[in-house]
Amino acid sequence: MSQKKLPSVLLRAGEDRRARDGHPWAFSNEILMDAETKALPAGSLAILRAPSGEALGLATFNPHSLIAARVLSADAEATVDALFLGRRLARAMALRDRLVGVPYYRLIHAEADGLPGVIVDRFGDALVVQLNSAGMDKLTPVLLEALEAELAPTTIVLKNDSPVRELEGLKREVIVAKGELAGPIELVENGARFVADLSGGQKTGWFYDQRDNRRFMAGLAKGGDVLDVFSYSGGFGVLAAKEGAKSVLCVDRSQPALDAAQQAATLNGVDGKVTFDKSEAFEALEKLAAAGRQFDVVICDPPAFVKNRKEIKVGVQGYRKMVRLAAPLVKPSGFLFVASCSHLVDPPLFAEQVRRGLRDSSRSGRILRSSGAALDHPVHPGLPETAYLKALTLQLD
Ligand code: SAH
């Protein structure tokens, strides 16, 4: 790709401090939006410059997005081609191979891996790619070439259906860019077998971020009765059953998700121990309480209750309610795991909701473990707020 004479994008007076500090974004209000800059096509490569004209880096630029510039390289002279992207892929892959050990992981976690707005989840020879910035979307053919060179996958799914694409002026669509998908595929996690639907499932088809939390909870669940609420395809519940839980009840409102969990139970030889309830989660919790049921371990890993700033006040109450309804179902001395993947809810705010929910249900206990996403979801040091996953494990009295 020829990169001769890239356009320049200038930061406004006094707005270059964060870029100099290593922050990978410049917001649209920090950029001098003259007519020429405003007219640059969304996703253009550009040199990000200080007000003095000094080059600060090479960025992708979208004049229509709040996150207007995303730095791709501190080297403003870098050539963004398949070799450039391939080096980042190779670095990310070496890290994952060391951390995870099996080829089932998040290969690229956006800015933290030097590819702004890009998510790649690896399922052996199949890759699911999400491009959430106009700049990287435009580089799709180059990224596909780099993925081919580094991994030679049999299948690549472009799962470009995230709502955040609309903020970048991008279409939402799912395309199989390489190979064919004949239904859900198998993956291995924590030594157990699962199935994921790479084109029709939720997000990329699997939530690798909970890998370590699933293993930890499976350890606590040995010999016990487990309730896995918002179970999706059984990542927590089926592993717990395989690792020696006595019984597991998976609750989710999605039939395809429960079908995948059922398949996983079969693949791991624990059919007899795992049951399924297709229900609204809060209704299921209320019914179980009314029936006087209790469990040794209750897991609640809901979808994001807070999706934008306006929703914070109301949305966080969902976590409080979840804990209020789940805590009564925990046997004395049993364990409660609660998670939030809302990036707008920070750990103290989440812990506050958990405390209130416990008080509402008149249960006491102690926080045993505070955790986040698995290590294949690294965080850019300039974007600590992108560490979206928070989880608390408590023992209740
Ligand atoms: N715990 C899962 C991931 C959960 S993702 C894992 O380890 O992989 C959130 C899940 O909640 C999805 O499967 C979705 O179908 C389900 N869900 C969303 N809203 C729900 C509701 N109101 N009641 C029940 N399930 C719900």
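The values are calculated or read from the model by the stated rules, or taken from the named source; none is laboratory data. These figures come from a predicted structure and were not determined experimentally. Don't worry about glycine lacking a Cβ; one is built from the backbone with ideal geometry, like all the others, and counts go over all protein chains shown. Remember, those area values only see protein heavy atoms, side chains included, never the ligands or the DNA or RNA. Shrake-Rupley method; radii C 1.70, N 1.55, O 1.52, S 1.80 Å.
Stretch residue 125-residue 286 to full length: gain in nm at 0.36 nm per residue minus the Cα-Cα span?
Length gained between residue 125 and residue 286: 53.7 nm.
In nm, what is the difference between 0.36 nm times the number of residues separating residue 343 and residue 386 and their Cα-Cα distance?
14.8 nm
Roughly how many Å² is the accessible area per residue of the range 1-116, as a whole number, for a 1.4 Å probe?
Per-residue value: 48 Å².
Using a Förster distance of 45 Å, how high is the FRET efficiency between residue 145 and residue 275, based on the Cβ-Cβ distance and rounded to 0.05?
For residue 145 and residue 275, the calculated efficiency is 0.45.
Mind putting a number on the dipole of the range 273-358 about its Cα centre? Charges go on the C-beta only, +1 for Lys and Arg and -1 for Asp and Glu, and I need it in Debye to the nearest 20.
Approximately 180 debye in magnitude.
Give me the net charge of residue 266's neighbourhood, meaning all other residues with Cβ under 15 Å from the Cβ of residue 266; Lys, Arg count +1, Asp, Glu -1.
0
Can you tell me what percent of all Cα-Cα pairs in the chain are more than 41 Å apart?
20 percent
Too long at a 25 Å Cα-Cα cut-off: which of 38/171; 203/273; 310/331; 278/331?
Checking Cα-Cα distances, 203/273; 310/331 exceed 25 Å.
Sum up the charges of everything whose Cβ sits under 12 Å from the Cβ of residue 152, counting Lys and Arg as +1 and Asp and Glu as -1, but leave residue 152 out.
-3
Roughly how many Å² is the accessible area per residue of the range 130-261, as a whole number, for a 1.4 Å probe?
Spelled out: the 1.4 Å probe surface of the range 130-261, per residue, equals 38 Å².
Please list the non-local residues whose amide H lies under 5 Å from the amide H of residue 232, H modeled 1.01 Å from N, same-chain partners needing a gap of 5 or more.
Close amide H contacts, sequence-distant or interchain: none at all.
Per residue of the range 104-109, what does 6.51 cos²θ - 1.76 cosθ + 1.60 with θ = phi - 60° give for ³J(HN,Hα)? Whole Hz please, x for Gly and Pro, Karplus curve as stated.
Couplings: 10, 6, 7, 7, 10, 10 Hz.
Within the chain, what whole-number % of the accessible surface is contributed by carbon and sulfur, with the 1.4 Å probe and all protein chains included in the calculation?
Ligands and nucleic acids excluded, carbon and sulfur give 53 percent.
Using a cut-off of 12 Å between beta-carbons, work out the net charge of the residues near residue 193 (Lys and Arg +1, Asp and Glu -1, residue 193 not included).
For residues surrounding residue 193, the net value is -1.
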